[in-house]
């Protein structure tokens, strides 16, 4: 029997899992860079130049924005599975406006050109890293997990060995059944997985012999579901732990790389602009 399951997709738990394995600097550093980048771009939208004395104030303003990501996510983008979606939308919007100002002759200034380059680089880096880690790396890991499950699943289905199957499930910390779930168990599974598992139950209830699916929706319910029957032998696997481990490992890679690349573009861009202004002032003084 599958017991009442805790929803491991809770955002705070995901945060704790990441910082526990990774350390707080890349995790909160990446989130701070994103918030500070938004503040800098908005600042340049309303000002034609950079006053260096204002940068510490912008950094302070970035802290409440950094801590409000969960509230912004639940309020404005509850259907997304990425808690950084509101901040990315703000970064993209600010980048588009600033780039337009940098392209128009009347509003073009050197700080705005540098700011638009930084914004475009940060947006591009986020999408590339997110695609590489979540859309490619995570799906590859999920495919490997499902292949491992299926090899034991199919072998024990053919042999009818319940003991081997349950031992494997115990080792993998997966939730398994060796008989068709009762009505109470079906209700419990539906409550745990939500509407995301409806296609699987449609196959089961129609008398189908095999179905498998997975959900990567970490904000709602992320799981691997596998069901099959052969004559009177039934196998059912619901795996949360392995998928969440795979997701956490991808989050670690994503936050480390985004922290590194966003730091290079954001602070490196500001440093290059400062050097450029310093060299220009020096040449002007010499002439």
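Only residues that are surrounded by fewer than 19 Cβ atoms within 10 Å (Cβ to Cβ) and free of Cβ contacts under 8 Å to residues at least 24 places away in the same chain were counted across segment 83-106, and they come to 10. The sole residue among 142, 123 that is buried (at least 16 other Cβ atoms within 10 Å of the Cβ), touching a strand residue (DSSP E or B) at 6+ places or on another chain (Cβ under 6 Å) and under 28 Å from residue 27 (Cα atoms) is 142.
Residue-level check: of (1) assigned by TED's automatic domain parsing to the domain that holds residue 32; (2) touching a residue at least 40 places away in the same chain (Cβ under 8 Å), residue 267 misses just (2). Of the residues making up segment 225-260, those that are crowded, with 20+ Cβ neighbours inside 10 Å and farther than 20 Å from residue 214 by Cβ are 255, 258, 259.
Note on segment 18-128: enclosed helices (runs of 4 or more DSSP H) holding 2 or more residues that are at pLDDT 90 or above are 24-46, 55-67, 85-103.
Taking the condition in contact with a strand residue (DSSP E or B) (Cβ under 6 Å, 6 or more places away or on another chain), free of Cβ contacts under 8 Å to residues at least 40 places away in the same chain and either within 18 Å of residue 224 (Cβ to Cβ) or surrounded by 11 or more Cβ atoms within 10 Å (Cβ to Cβ) (or both), does residue 177 pass? Quick ask: steps written out before the conclusion?
Details: in contact with a strand residue (DSSP E or B) (Cβ under 6 Å, 6 or more places away or on another chain): yes; free of Cβ contacts under 8 Å to residues at least 40 places away in the same chain: no; either within 18 Å of residue 224 (Cβ to Cβ) or surrounded by 11 or more Cβ atoms within 10 Å (Cβ to Cβ) (or both): yes.
Judged against the criteria, residue 177 is not a match.
Residues that are touching a helix residue (DSSP H, G or I) at 6+ places or on another chain (Cβ under 7 Å), part of a helix (DSSP H, G or I) and surrounded by fewer than 16 Cβ atoms within 10 Å (Cβ to Cβ) within segment 145-174 comprise just one, 164.
Here's a check for you: in segment 186-220, which residue that is in a strand (DSSP E or B) and in contact with a strand residue (DSSP E or B) (Cβ under 6 Å, 6 or more places away or on another chain) is modelled with the lowest pLDDT? Quick ask: steps written out before the conclusion?
Within segment 186-220, the first condition is being in a strand (DSSP E or B), and the residues that meet it are 210-217.
Within this subset, residues satisfying the condition of being in contact with a strand residue (DSSP E or B) (Cβ under 6 Å, 6 or more places away or on another chain) are 210-216.
On the way: 210: 88, 211: 87, 212: 88, 213: 87, 214: 85, 215: 82, 216: 78.
The extreme case among them is 216.
The values are calculated or read from the model by the stated rules, or taken from the named source; none is laboratory data. Treat the numbers as computed from the prediction; the structure is a model and nothing was measured. Here the Cβ is made from the backbone with ideal geometry for all residues, glycine too, and neighbour counts use every protein chain on show.
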